[in-house]
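This report refers to the structure that appears directly beneath it.
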Amino acid sequence: MADAAAAPDADIAQQAEIARLQRRLRREVAARQEAEAIAERGLRDLFQRQQEIALLESIAVAANEASNVEDAMRRALAAVCRYAGWPLGHLVLVRAGEEPAFDSTTVWHDDSGGSAAALRTMTEAMSFAGGVGLPAMVHATAAPAWANVGAADTGLFPRLPLMTELGMSSLFAFPVVIGDEVVAVLEFFSREVHTPDESLQRLMGQVGTQLGRVIERRRAQERLVHDALHDPLTALGNRKLFLDRLDHFLLRSQRIPDYQFAVLFVDLDRFKAINDGLGHQAGDQVIVATANRLTACLRQTDLVSRGDVGGGQDYVVSRLGGDEFTILLDNIKGAATPIRVAERLLQTLATPLLVGQQQVYVTASIGIALSTSGYSDVQDMLRDADIAMYHAKQNGRARWMLFDQTMQEGALRRLTLEAELRLAMSGQQLFLQYQPIVSPRDGLIRGFEALLRWRHPVLGMISPVEFIPVAEEVGLIGDIGGWVLGEACRQLRLWQADSGLPLSMSVNVSAVQLNDGKLVDLVTRVLADTGIEGSSLKLELTESAVMADPEHALAIFRQLKTLGVRLSLDDFGTGYSSLSHLRRLPIDTLKIDRSFVSSMDAHGDKRQIAEVVVMLARALGLDVVAEGVETKAELDILREMGSDFVQGYFYFRPLDREAVTEALAAQAS
């Protein structure tokens, strides 16, 4: 009985154990399945991450190895298409501005086997203006975006109907960014319908940032290239760019017999006075305004523009430095074109500029060199344009000059003189001659004009008309002028002592000396060293030198007058003198220029001018000296007019000091 009763209990216990074991098994199986699922997800995530890393690495390699931005973008399109399984990818560049402009490029990755040709053609023709198209939406939001066939407005996405015909289902795009700026958009076409995926958006955001660095690097390189080839003040091309383009033109002229071009060398006149008077900031404003005027004027002629590197322009306006500009005129027909351009430039530059509250007049001198001279070196052509410009300045400024071979010969002569002049003083090649100044009433010597001479051991006698401008330009005139003044005053002291006469000495002073701030100290020192009276020294300055800045001249003259020095206005009548300024200047003598004296007996107009000068001198209480008297007829007329003194070949040619001593001795006897 008991055993029979126990059997059911055992069965129940066994079933309970089985159930427990089954539950345990199920838990273990579920746990194992969950672990396997976790492992599988982990493996999938790891694989996905590896794929993302591989994509980013491939983008980085493309960015580093690509020869240019387009190449980098083409590689990036291929990498993204492989990663996502998309058959078609395209680059759209963005040009910054008030209204962004989209450049739908020809850069694609295409695995469509040619079936997307119509879509490519349509896409490349689109401007994406007015917010139409996925690239415009991505640019506006700076975020990735999708458009699926059937779910999007075809008005905003006009390519969707064609995509449907081609079996495409989705359009995806993401921005390429530099900071907050969208600089490009990569768009992709898919046969599958896509929905926004957070991980894909994140990944494409990283890709967009990486590619942004490529464009940023290119911009930095372009800035470096631009800065290396452009003037920072005016943004015009610099010397390097100009010579590069000039070399390009020169090679073309050697290949094409009938091809001609010209170089214009433009240099502002008296720019230093603007810089010194108004300051360097005002000078910079004048330079910038001049650059703008040149460019605007030349663009009006449809001949010249700024000449961006690689921009296809064969015309260059450049600033070489300082106040020097160069212009390259392409494909001209003879000299008429550059001459016409030069004249238009001169007219444009002659219009006054307003710098701050100051009205400034700026003129320019222009030299022109033509390719027809047969140049083989760019430096030679630039040099010749520069030489022609120098001749324009020498001939009065505010004009153009066309280069010819005689100018080069003159330039070589000038370089020779510059080098030899530096040796002339130490080599005792410079010496003085003295032309007596005579009273026409009695024919007696009353004084002398000191005349500088240069006897070169090889070149022979060199005219002061030729070497004085060189001395002024290279900065030697101060030393030479100081030596002349000291030598002349020492010699005058000896002649005064020997003759017992109150003789005077006239010494020419250049415009450079008048403005260098050293003249008064020099005269003070020479008077003290030689011991002559200040009234025995007469300083001669040209009318043009004095009238260039009458107020400055007045201040210097007043200081010289305190030393007792007498002042003479040389070459009077050859320039333009304001009578109001002339009346204020404390001068003692007017000197009638030799051009009015020569043959005055045969030219009534010359005689009338001389008479006016004498009358003006009398009204102002000044002496008159007439120079260049060569005939008795000229002397008689001047004596009749009342000229106080004369000098010229009629009485004496310029004399060495020994000859002067003899002339004074003969006069005394």
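Of all residues being aliphatic (A, V, I, L, M) and either at pLDDT below 90 or not assigned by TED's automatic domain parsing to the domain that holds residue 278 (or both) in the range 313-335, which is surrounded by the most Cβ atoms within 10 Å (Cβ to Cβ)? Just the residue, please. Reasoning before the result, please.
Step one: of the range 313-335, the residues aliphatic (A, V, I, L, M) are 316-317, 320, 327-329, 332, 335.
Still in the running and either at pLDDT below 90 or not assigned by TED's automatic domain parsing to the domain that holds residue 278 (or both): 316, 332, 335.
On the way: 316: 26, 332: 19, 335: 14.
Top of the filtered list is 316.
How about the range 234-260: which of its residues are part of a loop (DSSP other than H, G, I, E, B) and loosely packed, with under 13 Cβ neighbours inside 10 Å? Please lay out each step first, then the result.
Just the residues of the range 234-260 that are part of a loop (DSSP other than H, G, I, E, B), to begin with: 234-236, 238, 256-260.
256, 257, 258 - these are the residues of the range 234-260 that are part of a loop (DSSP other than H, G, I, E, B) and loosely packed, with under 13 Cβ neighbours inside 10 Å.
Scan the range 521-555 for residues that are part of a helix (DSSP H, G or I) and either over 39 Å from the mean Cα position of the chain (by Cα) or modelled with pLDDT of 95 or more (or both) and report the count. Working first, answer last.
Step one: filter the range 521-555 for residues part of a helix (DSSP H, G or I), giving 521-530, 534-536, 543-547, 550-555.
Imposing the further condition that a residue be either over 39 Å from the mean Cα position of the chain (by Cα) or modelled with pLDDT of 95 or more (or both) reduces the set to 521-530, 534-536.
The number of residues fulfilling the criteria is 13.
I need a count of the residues in the range 146-200 that are assigned to a loop (DSSP other than H, G, I, E, B), of a type outside the set (Phe, Trp, Tyr) and touching a helix residue (DSSP H, G or I) at 6+ places or on another chain (Cβ under 7 Å).
In the first step, residues of the range 146-200 are kept if they are assigned to a loop (DSSP other than H, G, I, E, B); the result is 149-159, 166-169, 179-180, 191-197.
Filter once more, keeping what is of a type outside the set (Phe, Trp, Tyr): 149-156, 158-159, 166-169, 179-180, 191-197.
Adding the requirement that they be touching a helix residue (DSSP H, G or I) at 6+ places or on another chain (Cβ under 7 Å) leaves 149, 152, 154, 159, 166.
Summing the residues that are assigned to a loop (DSSP other than H, G, I, E, B), of a type outside the set (Phe, Trp, Tyr) and touching a helix residue (DSSP H, G or I) at 6+ places or on another chain (Cβ under 7 Å) in the range 146-200 gives 5.
Determine the pairs where a residue that is more than 12 Å from residue 268 (Cβ to Cβ), located within the range 343-369, has a partner that is of a type in the set (Lys, Arg) and buried (at least 17 other Cβ atoms within 10 Å of the Cβ) with Cβ atoms under 7 Å apart, the partner being 6 or more residues away or on another chain.
348/293
Would a scan of the range 612-625 turn up a residue that is buried (at least 20 other Cβ atoms within 10 Å of the Cβ), among the hydrophobic types (A, V, I, L, M, F, W, C) and under 47 Å from the mean Cα position of the chain (by Cα)?
Yes: one or more hits.
Determine if the range 372-392 includes at least one residue that is polar (S, T, N, Q), in contact (Cβ under 8 Å) with a residue 12 or more places away in the chain, in the same structural domain as residue 263 (by TED's automatic domain parsing) and under 21 Å from residue 337 (Cα atoms).
Looking through the range 372-392, at least one residue is polar (S, T, N, Q), in contact (Cβ under 8 Å) with a residue 12 or more places away in the chain, in the same structural domain as residue 263 (by TED's automatic domain parsing) and under 21 Å from residue 337 (Cα atoms).
With the requirement that a residue be surrounded by fewer than 17 Cβ atoms within 10 Å (Cβ to Cβ) and small (Gly, Ala, Ser), what does the range 487-511 give you?
497, 499, 500
Any residue at all in the range 472-486 that is surrounded by fewer than 19 Cβ atoms within 10 Å (Cβ to Cβ), in contact (Cβ under 8 Å) with a residue 12 or more places away in the chain, part of a helix (DSSP H, G or I) and among the aliphatic types (A, V, I, L, M)?
Within the range 472-486, one or more residues are surrounded by fewer than 19 Cβ atoms within 10 Å (Cβ to Cβ), in contact (Cβ under 8 Å) with a residue 12 or more places away in the chain, part of a helix (DSSP H, G or I) and among the aliphatic types (A, V, I, L, M).
Any residue in the range 206-220 that's more than 13 Å from residue 70 (Cα to Cα): show its pairings with residues that are small (Gly, Ala, Ser) and at pLDDT 85 or above at Cβ separation under 7 Å, as long as the two are six or more apart or on different chains.
207/76
Just checking, how many residues over the range 512-542 are surrounded by 19 or more Cβ atoms within 10 Å (Cβ to Cβ) and basic (Lys, Arg)?
Residues that pass the stated criteria total 1.
Any idea how many residues of the range 149-168 are surrounded by 13 or more Cβ atoms within 10 Å (Cβ to Cβ) and at pLDDT 85 or above?
Residues flagged as surrounded by 13 or more Cβ atoms within 10 Å (Cβ to Cβ) and at pLDDT 85 or above within the range 149-168 amount to 9.
All but one of (1) under 28 Å from residue 431 (Cα atoms); (2) in contact with an Asp or Glu (Cβ under 7 Å, 6 or more places away or on another chain) hold for residue 655; state the number of the condition that does not hold.
Unmet for residue 655, out of (1) under 28 Å from residue 431 (Cα atoms); (2) in contact with an Asp or Glu (Cβ under 7 Å, 6 or more places away or on another chain): (2).
Examine the range 609-622 for a residue that is in contact with a Lys or Arg (Cβ under 8 Å, 6 or more places away or on another chain), closer than 19 Å to residue 439 by Cα and either modelled with pLDDT under 90 or not charged (D, E, K, R) (or both), and state whether such a residue exists. Lay out the reasoning, then the answer.
Within the range 609-622, the first condition is being in contact with a Lys or Arg (Cβ under 8 Å, 6 or more places away or on another chain), and the residues that meet it are 620.
Right, trim to closer than 19 Å to residue 439 by Cα and you get none.
The answer is no; no qualifying residue exists.
The values are calculated or read from the model by the stated rules, or taken from the named source; none is laboratory data. Keep in mind it's a predicted model, so treat the numbers as computed, not measured. Note that each Cβ is placed from the backbone with ideal geometry, even for glycine, and that neighbours are counted across all protein chains shown.
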